[in-house]
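Below: one structure, written as structure tokens.
Derivation of every value follows stated rules applied to the coordinates shown; laboratory data play no part. Every value quoted in this text rests on a predicted model; they were computed, and no experiment measured them. Cβ placement follows ideal geometry from the backbone for every residue including glycine, while neighbour counts extend to all protein chains displayed.
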Amino acid sequence: MRSIPAIRPTPLLSSALWAPFLVLALLSAAQIWFRQSLAGSAPSWGRIVWTNLLAWAPWPLLALGIGTLWIRWPFRRQQLTPAILLHSAAATLTALSYLLFLTIFRFAFFSGYTGPLSTASFGHVFATEVGDFFAVTWVLYWGIGATALFLHGRRPSRVTLPDSRLEIRTAGRTRWVDLASVECIEADRSYAVIHSDGGTHLAREALCRLAERLGERGFARAHRSWIVNLTQVRELRSTSHGDAAVELHSGRRLPVSRTYRAAFERALEQGP
């Protein structure tokens with residue numbers, strides 16, 4: 001199996017990356033200006049705008065990292081708990097990192113409010129930022145990640161079948177997986193999880209489409225959630241109510257539903 005980086009436009013040049021945070025920075029500036037005006041002060045709109053732009057400046061880069069992490073580690077049935085733990089830890093780290101930046105930012109531009117820099121004053125300001133904004137930044141992490149995963153999922157399918165291989169283009173990479181090494185393919189919502197002797201590979205592809213395209217390559221649908229490589233089948237045994245189970249050479253056992261059982265048995269008899 002090989003991996004070749006795909007050529008893509010530089011993400012930092014995409015307006016989709018920085019435009020939402022520009023809007024949020026301007027909305028935040030307007031809210032601060034309005035609040036100070038109601039308090040009777042004479043706020044400087046220009047200063048409020050540029051300081052808010054600086055305060056929001058890390059988020060495009062953070063969003064790039066968050067989106068990449070979510071695409072590489074989506075919430076899949078087989079690894080749901082590890083994914084929840086991973087993203088909870090990443091959300092906490094992201095929030096604390098940004099609030100540390102915000103604390104330094106306060107001392108750099110608002111020393112009149114923070115007082116002179118010391119260990120005690122720094123700790124006090126950081127604790128205040130955590131108390132005021134930790135929940136907001138933590139939720140923002142999940143919102144960015146979910147949006148990135150949604151937009152990534154709307155990309156057209158990029159699984160092709162050149163020769164005797166699966167070509168998978170996803171997350172900026174192109175991978176080739178030999179069909180002979182594929183044991184089975186599992187449906188996971190709108191994804192297909194390809195199980196091979198080289199590990200698992202996640203592709204944006206409907207299982208029904210893969211079943212149609214792999215039907216002449218020695219694969220058969222065994223269940224609404226599974227496609228099986230017929231050369232990997234060791235044994236087929238009946239279970240109950242017309243259902244069956246198939247055991248593969250690796251020892252993995254998969255269900256064969258009565259809906260697909262007859263066609264699956266015919267495919268086994270005909271051979272790959």
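Net length available on complete extension from W45 to F133 is 29.4 nm, with 0.36 nm assigned per residue and the Cα-Cα distance removed.
Taking Cα atoms, how many degrees apart are the long axis of helix 258-270 and the longest axis of the chain, rounded to 10 and kept between 0 and 90? Roughly 60 degrees, rounded to the nearest 10.
The C-alpha atoms of the chain define a longest principal axis, and helix 45-56 lies at about 40 degrees to it.
Note on the chain: with charges restricted to the Cβ of Lys and Arg (+1) and Asp and Glu (-1), its dipole about the Cα centre is near 380 debye. Shape class for segment 205-261, computed from the alpha carbon gyration tensor (a ≥ b ≥ c): oblate, with a/c not under 1.5 and a/b at or below b/c.
For the pair R76 and A30, a Förster radius of 30 Å applied to the C-beta separation gives a FRET efficiency near 0.15, rounded to the nearest 0.05. From its DSSP helices (H runs of at least four residues, each -39,500 (n - 2.57)), the chain gives a residue-normalised ellipticity at 222 nm of -17500 deg cm²/dmol.
Among E265, E183, a tally of other beta-carbon atoms within 10 Å of each Cβ gives an order, fewest to most, of E265, E183. Return the sequence-ordered ³J(HN,Hα) values of segment 215-230 in whole Hz as given by the Karplus equation 6.51 cos²θ - 1.76 cosθ + 1.60 applied to θ = phi - 60°, using x for Gly and Pro. Whole-Hz 3J(HN,Hα) from phi for segment 215-230: x, 9, 10, x, 10, 9, 6, 9, 7, 5, 10, 9, 10, 10, 6, 5. Using only Cα atoms, tell me the angle between helix 15-38 and the longest principal axis of the chain; keep it within 0 to 90° and round to the nearest 10. Orientation of helix 15-38: about 30 degrees from the principal axis. This ranking places T119, T174, T94 by how few other beta-carbon atoms lie within 10 Å of each, fewest first, which gives T119, T174, T94. Which of A39, L117, A146 sits closest to the plus end of the dipole of the chain, meaning its Cα is farthest towards the positive end, when Lys and Arg get +1 and Asp and Glu get -1 on the C-beta? Value: A146.
Once you have the Kirkwood Rh of the chain from its Cα pairs, apply Stokes-Einstein at 37 °C and 0.692 mPa s and quote D in µm²/s. Answer, rounded: 146 µm²/s. Among R234, R213, R221, the ranking by other beta carbons within 10 Å of each residue's beta carbon, starting with the fewest, stands as R234, R213, R221.
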